[in-house]
């Protein structure tokens with residue numbers, strides 16, 4: 001029995017539900033030496049902003065029990081250099097490319113999307129709303145439901161390509177943010193971005209990360225991510241891309257049962273750069289074992305007493 005692993009997110013059709021998460025594989029060239037990128041569902045690029053960003057000073061990555069903290073600060077080459085030096089490589093990998101966009105104002109999100117909309121290799125946009133709004137005193141866009149709605153509407157107006165809103169978990173009602181994104185024209189939501197965390201050296205009594213706090217990722221956040229995906233699935237009819245501590249195919253299947261149409265792999269790429277291929281094969285074998293003809297049958301198949 002053959003299994004159909006293909007899925008759809010709006011008009012975006014993927015050969016399988018496994019994606020590489022933004023910020024964990026750069027622009028794809030480093031990890032391409034370990035795997036055939038044409039075999040995965042999609043690669044989400046490192047965040048791209050209108051102008052180049054140096055990011056935060058080091059130390060900016062710290063290992064923690066069952067995870068890691070990062071405070072990279074959205075360091076990237078900027079949209080002009082991205083088009084010039086990164087797009088040519090991405091055109092050769094024969095994978096679906098989704099561009100993650102970061103910005104410090106609504107106008108920057110829109111301008112980045114408008115510029116990149118002309119690049120044929122980019123099949124969709126993931127909008128990272130976990131960025132500080134400099135015009136409003138640094139409030140994180142993703143914690144302001146009105147800002148999420150405004151960004152979604154404005155970006156939607158400049159592109160016909162699929163728009164995915166990457167939601168912050170640092171809110172008590174993530175389903176309301178997903179609903180607002182849908183109303184603004186989003187094709188899907190990604191859940192979740194990292195949790196806020198910190199770590200201190202007990203001898204120097206100084207934070208291990210120069211930025212003091214960072215984003216916690218890895219297996220430690222998986223139960224939180226699953227709960228957020230489940231909440232969205234039960235409250236909003238919108239495709240969900242599950243993210244958070246996925247280390248193997250069982251984790252990926254668990255996210256799909258909770259309502260995720262697709263999954264993104266992040267921290268695991270640092271540990272096992274061939275994890276994506278192994279997870280695709282694991283999902284396929286699971287479907288055969290469970291006599292599932294299409295992977296879509298697993299999505300939101302939970303049974304809650």
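Laboratory data are not the source of any read-out in this text; all were calculated from the coordinates shown. What you are looking at is a predicted structure, and each value in this text was computed from that prediction instead of being measured. FYI the Cβ positions are ideal-geometry reconstructions off the backbone, even for glycines, and counts take in every protein chain you see.
Quick notes
- Antiparallel content of DSSP bridges confined to the chain, in %, to 5: 40 percent
- Sorted by Cβ neighbour density within 10 Å, fewest at the top, the residues 277, 174: 277, 174
- Separation of alpha-carbon centers, segment 41-57 and segment 261-292, rounded to whole Å: 25 Å
- Each listed q (0.10, 0.15, 0.16 Å⁻¹) maps to a log10 I(q)/I(0) for the chain from the Debye sum over equal C-alpha point scatterers, namely -0.50, -1.20, -1.38.
- Comparing 43, 202, 127 in a Gaussian network model of the chain (Cα springs below 10 Å), the most mobile by mean-square fluctuation is 202.
- For segment 44-92, the calculated P(r), taken from all Cα-Cα distances in 5 Å bins from zero up to the bin holding the longest distance, is 5, 18, 22, 19, 15, 12, 7, 2 percent.
- Label reach from residue 301 (point 7 Å along Cα→C-beta): in segment 228-256, amide nitrogens under 16 Å belong to 249-256.
- Estimated purely from DSSP H runs of n ≥ 4, each contributing -39500 (n - 2.57), the mean residue ellipticity at 222 nm for the chain is -7500 deg cm²/dmol once divided by its residues.
- Listed by Cβ neighbour count within 10 Å, with the fewest neighbours leading, 85, 104 appear as 85, 104.
- Likely footprinting exposure, 36, 187, 237, fewest C-beta neighbours within 10 Å first: 237, 36, 187
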